[in-house]
Amino acid sequence: MCGRFVVANVASELVGVLRVDTINPSLPAPSYNVAPMSTAAIVLDSAKTEPPTRRLEPARWGLVPAWAKDPKIGARAFNARAEELEEKPMFRGALIKRRAVVPTTGYYEWKQLADGKEPHFIHPADDSPLFLAGLYEWWKDPSKGDDDPDRWLLSFTILTRDAIGALGSIHDRMPLFLDADFADAWLDTDTENVGDILDAAIDAAPDLAETLETRVVSSAVGNVRNDSPALIDPA
């Protein structure tokens, strides 16, 4: 799973290689403890323009499908298993039409020990951005008027796959990592062979995983109220 991540810089500083066209001025501030149901920046391609516009937008972590009666459903949809997307009605439509990239500095995972859980910070060894594959949805709040700017909620989920190598010794799942080329293909709204791209990204993820470093960090990260650079320091 992926239940916490880090954006140590303003997200707009992390997406240069993705050739973003427009950046929403309301992006969230840097955070060292992004948790489900909080707001983070995602990259998406809008098919409503020709050519499609690549946008960096603030979105709530926890997918809320268009058919949901209540946005609280997002609390249990912050992750989606990559190998099950085509089988799950909650994710199937987004896989075809609404794919996203989540730019991060790194993420946290907890290793189960005999006497408790040990948090690890996992990040690229060269401090380059770490791109995670995601899906997004727009949900319209029926309780708000058409002229209310808050009527539309943009939300997202992060894809996961079986963990491998050193990451597998920490947890049995890991995010689906994307390099810049896969991220570009993943976002492209003209892509027709989405399943092939997903399979290729899953196959390539182990190579990216081997470039990541891990370190044990303070248990303070377990409290969502804690948010400082000290959280990623070695314990």
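Below, the figures for the structure above:
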read-out	value
Condition check for VAL10: over 25 Å from ASN226 (Cα atoms) and open to solvent by 30 Å² or more (accessible area, probe 1.4 Å)	no
Answer residue from the stretch 33-47, given it is assigned to a strand (DSSP E or B) and more than 12 Å from the chain's Cα centre (by Cα) and is surrounded by the fewest Cβ atoms within 10 Å (Cβ to Cβ) among those	SER46
Candidate set: the stretch 148-168, residues that are of a type in the set (Gly, Ala, Ser) and in contact with a strand residue (DSSP E or B) (Cβ under 7 Å, 6 or more places away or on another chain); chosen: the one farthest from ASN24 (Cα to Cα)	ALA166
Residue satisfying all of: in the stretch 97-123; of a type in the set (A, V, I, L, M) and surrounded by fewer than 23 Cβ atoms within 10 Å (Cβ to Cβ); nearest to ALA68 (Cα to Cα) among these	LEU113
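Condition check ((1) within 14 Å of the chain's Cα centre (by Cα); (2) among the aromatic types (Phe, Trp, Tyr); (3) outside any strand (DSSP E or B)) across all residues:
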residue	(1), (2), (3)
ARG92	no, no, yes
ILE96	no, no, yes
LYS111	no, no, no
HIS120	no, no, no
SER128	no, no, yes
LEU132	yes, no, no
PRO142	no, no, yes
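A quick yes/no check of all residues on (1) farther than 26 Å from GLY195 by Cα; (2) assigned to a helix (DSSP H, G or I); (3) free of Cβ contacts under 8 Å to residues at least 60 places away in the same chain:
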site	(1), (2), (3)
VAL17	no, yes, no
PRO28	yes, no, yes
THR49	no, no, yes
VAL64	no, no, no
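Listed here are the residues, each with its yes/no results for (1) over 16 Å from LYS140 (Cα atoms); (2) open to solvent by 90 Å² or more (accessible area, probe 1.4 Å); (3) touching a strand residue (DSSP E or B) at 6+ places or on another chain (Cβ under 8 Å).
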position: GLU50; (1), (2), (3): yes, yes, no
position: THR53; (1), (2), (3): yes, no, yes
position: LEU63; (1), (2), (3): no, no, yes
position: GLY74; (1), (2), (3): no, no, yes
position: PHE78; (1), (2), (3): yes, no, yes
position: ALA82; (1), (2), (3): yes, no, yes
position: LEU95; (1), (2), (3): yes, no, yes
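The values are calculated or read from the model by the stated rules, or taken from the named source; none is laboratory data. Every value quoted in this text rests on a predicted model; they were computed, and no experiment measured them. Backbone-built Cβ (ideal geometry, glycine too); neighbour counts: all protein chains shown. In case anyone asks, the SASA skips ligands and DNA or RNA and just uses the protein heavy atoms, side chains included. Shrake-Rupley method; radii C 1.70, N 1.55, O 1.52, S 1.80 Å.
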